[in-house]
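Working notes for the structure below.
The values are calculated or read from the model by the stated rules, or taken from the named source; none is laboratory data. The structure presented is a predicted model; accordingly, all values stated were derived computationally and were not measured. Every residue, glycine among them, receives a Cβ derived from its backbone with ideal geometry; neighbour counts consider all protein chains shown.
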Amino acid sequence: MRAALRLLRPCMGPGVYHRENAEVRDAARPLTPMRDAAILPQALRQLQARTDGKNDGAFARYLYGVLRQEQRAARRQLRPGELRAAVRRLRALKRRIEGLPASRLDRAVPSSGLKRTYKSGRNALASVTLQATDEHLHEWRKQVTYLANQLECISPPDSKRFAARLERFRRLARHLGDDHDLAVLNRKILQISKLPNAAPANAVRQYQAAQELASRVARRREALQSKAFRLGQRLYARRPRRIAASWSQFLSA
């Protein structure tokens, strides 16, 4: 929804756009803890399956149990009233968008919105190239996801060429999303390894098990980031002005 709003930004003006964007962001906020809690057990299982985690031992089993407990707790904390309030806010937003006059909707030029998002993603890639911090990678992931969603919004159903480009951006978003989930998992590993009742009881063995798991996370993240960099360099090689002109010509046709 936020990606679509970015395409409609010229119809709204900066002030209205920022207000509506904040509405969608705030409506999603109650779901964020639930999403994070749900993804971590999956990320741990996928890591074990990919790296043959048969020798993880008691610490990995304990970690998985704690993550599942946190997932159940996050689900219990999700209040029906919060969800109903979010639905009301989104329905009101929908009515406001539907009420935009045709004269203002005519200001929407999809290639202009794509150019803005593409440029933000290109700048985020430059920041990651200089310093691949979790924060820079997270920002790049968001911008890639916005662009993939926007391309999906306007994707012609009968264009294989456009569908192939969309799939490449989706694949880049998946690489960066998996890397982000592992970054969160790594912080959780270090946090849980310090709990006094963590298994195994022997503090030295517990520390070693946590470090081994963290090392496997780091190796997997290195592989994902390498794939993301190679793909990102290709997808963001062209200047924003040229890519916007190409998309504008394609959409006009």
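Observations on the structure shown:
- You will find that of Ala49, Ala73, Ala60, Ala126, the residue that is over 19 Å from Leu31 (Cα atoms) and at pLDDT 90 or above is Ala126 and no other.
Matching residues to (1) aromatic (Phe, Trp, Tyr); (2) in contact (Cβ under 8 Å) with a residue 40 or more places away in the chain; (3) more than 30 Å from Leu114 (Cα to Cα):
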residue	(1), (2), (3)
Met12	no, yes, no
Asn21	no, no, no
Ala28	no, yes, no
Met34	no, yes, yes
Ala37	no, no, yes
Ala43	no, yes, yes
Arg72	no, no, yes
Glu82	no, yes, yes
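- Residues considered: Glu135, Glu139. Of these, the only one that is free of Cβ contacts under 8 Å to residues at least 60 places away in the same chain, buried (at least 17 other Cβ atoms within 10 Å of the Cβ) and part of a helix (DSSP H, G or I) is Glu139.
- Near pairs, Cβ below 7 angstrom, 6+ apart or cross-chain, from region 236-247 (modelled with pLDDT of 90 or more) to any residue that is surrounded by 14 or more Cβ atoms within 10 Å (Cβ to Cβ): Tyr236/Gly121; Tyr236/Arg122; Tyr236/Leu125; Pro240/Lys115; Pro240/Tyr118; Pro240/Lys119; Pro240/Arg122
- Ser215 surrounded by fewer than 19 Cβ atoms within 10 Å (Cβ to Cβ), over 30 Å from Ala108 (Cβ atoms) and either touching a residue at least 24 places away in the same chain (Cβ under 8 Å) or not aromatic (Phe, Trp, Tyr) (or both): yes
- Filter result for the condition that a residue is in contact with a His (Cβ under 6 Å, 6 or more places away or on another chain) and closer than 24 Å to Tyr17 by Cβ, over Arg91, Arg141, Arg95: Arg141
- Contact map, region 158-176: residues that are under 12 Å from Ala148 (Cβ atoms) and of a type outside the set (Gly, Ala, Ser) paired with residues that are at pLDDT below 85 and part of a loop (DSSP other than H, G, I, E, B), Cβ distance under 8 Å, separation 6+ or inter-chain. Pairs shown: Leu166/Ser155.
- Residue check for Ala85: under 26 Å from Leu8 (Cβ atoms) and surrounded by 13 or more Cβ atoms within 10 Å (Cβ to Cβ): yes
- Test for Arg221: is it assigned to a loop (DSSP other than H, G, I, E, B) and free of Cβ contacts under 8 Å to residues at least 60 places away in the same chain: no
- Of the helices (runs of 4 or more DSSP H) lying entirely inside region 1-76, those containing at least 2 residues that are out of contact with any helix residue (DSSP H, G or I) (no Cβ under 7 Å at 6 or more places or on another chain) and not β-branched (Val, Ile, Thr) span 14-28, 32-51.
- Residue match in region 118-129 (condition: farther than 29 Å from Ala22 by Cβ, among the aromatic types (Phe, Trp, Tyr) and either buried (at least 20 other Cβ atoms within 10 Å of the Cβ) or touching a residue at least 60 places away in the same chain (Cβ under 8 Å) (or both)): no
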